[in-house]
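Undergrad: Dropping a structure here in C-alpha cells format, bear with me for questions.
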C-alpha cells in the first residue's frame, strides 16, 4: 500500500494524450477566451478613446494566431512540454511563430494592404511584438486550464490512496485483536474456567461491532464509547481479581462522530503490558472527557513491571497503525503524548471531532 503520492502531478501530466480532445466545458472556455482576446485585439490604439474598430481582415489575422495557438496548446504542450522534452517544444514553438509571421507579412498583409503595410517587411522584432502577446495569452490560459484540471486529478488520486490506506490499516485491527483474544480464550478453556462462556459472549459482542457497525469512516461518539466499555470489560474479566480497572466517560453524548476503533489499541496495550509478568495489583485507569467545542481528551494509564516489558513494546504494529490513522484522519486536529517511566505507562490523546 503506498504511503504517499510522490510525483503524482508529473505522472498525470505524462499520461496526457498526444492530441487532446476538448470537453464541453473547455470548448466553452476557449470560445469565451478567444472572444475576449479578439475584442481587445481590434481596439484601435491610434484612436484617442481607444474604441473597438471591427474589420473583416482582423478576423483573418486573428484566425492565423488561433491556428498557431491550437498547434501549441493541443499538440506541442501535451506531446513535448508535459513529457519534459523542452528543447523540442521551444524549437517547434519558434518554428510556428516564424510561420505565423511569414503568413501575416507575406500573404495576409500583401493581400489586404498591397500598397501600404504589405509593401515592405518591418522586421522580425516588430512582427514578433505584434504576434507574441496574443499567442502567449491564449496558450497561457490553456496551460493554466490543464494545471487546474490535473490538480483536481491529483486530489482525487490522493483521496483514493488515502481511503485505500485507511481501509488497509483498519483491516489489520480485527485479526490482531482476534489473535490475542483467541490465545487468552484458549488458556481459559484449557483450565475449564467458569468465565469462558461469558468471555465468548463479550468477544462476540465486540466482534459484531467491529465487523458490522464500523464500515463507515466515522461513527457516533456514543456508540464508540459503548464499544470501548464492552472492550474494556472483556479484558477486565481476564485479569479476574488481580487489580483494579476504572473506566470513566460521559453517559450521554450526541452531535459528534469519531473514526471507529481508533482508541482500541491503547486500551489493549494497557492490559497487555500490565499483565506481562505481574500477578497482582494491576491498575488501569481509562478516562474520556468531551468539551462543548468537540475536543475529546482520552487518557489511558496503566502500571507494569519494567523488567518484564520488551524495549519495543510501545513500537508495535498496532501503535504504528493508529499513529498513521491519526495522521491521515486528524492530521492537524490531534495531539498524542506518551509518557513512560519504570512503572507507569500513560497515553494522552486530544482530538477535535467533527459534528454529526
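None of the figures in this text is laboratory data; all of them are computed from the coordinates on show. Keep in mind that what you see is a predicted model, and the values were worked out from it rather than measured. Methodologically, a virtual Cβ is constructed for each residue, glycine included, from the backbone with ideal geometry; neighbour enumeration extends over all protein chains shown.
Undergrad: Whole-Å semi-axes of segment 172-355's equivalent ellipsoid, largest first, each the root of 5 times a Cα gyration tensor eigenvalue?
TA: 26, 20, 15
Undergrad: Here is a further query. Fewest Cβ neighbours within 10 Å first, please rank 57, 235 accordingly.
TA: Details: 57 12, 235 23.
With the fewest neighbours first, 57, 235 line up as 57, 235.
Undergrad: Using the count of nearby Cβ atoms within 10 Å as a rough guide to exposure, how do 90, 80 rank from fewest to most?
TA: 90, 80
Undergrad: Quick one: of the DSSP bridges fully inside segment 172-355, what percent are antiparallel, nearest 5?
TA: If I count the DSSP bridges inside segment 172-355, around 80 percent turn out antiparallel.
Undergrad: If we count other beta carbons within 10 Å of each Cβ, what is the order of 224, 104, fewest first?
TA: So the ranking, lowest neighbour count to highest, is 104, 224.
Undergrad: Next question. If each Cα of segment 194-249 is one equal point scatterer, what is log10 of I(q)/I(0) from the Debye formula at q = 0.23 Å⁻¹?
TA: Calculated log10 I(q)/I(0) at the listed q: -0.94.
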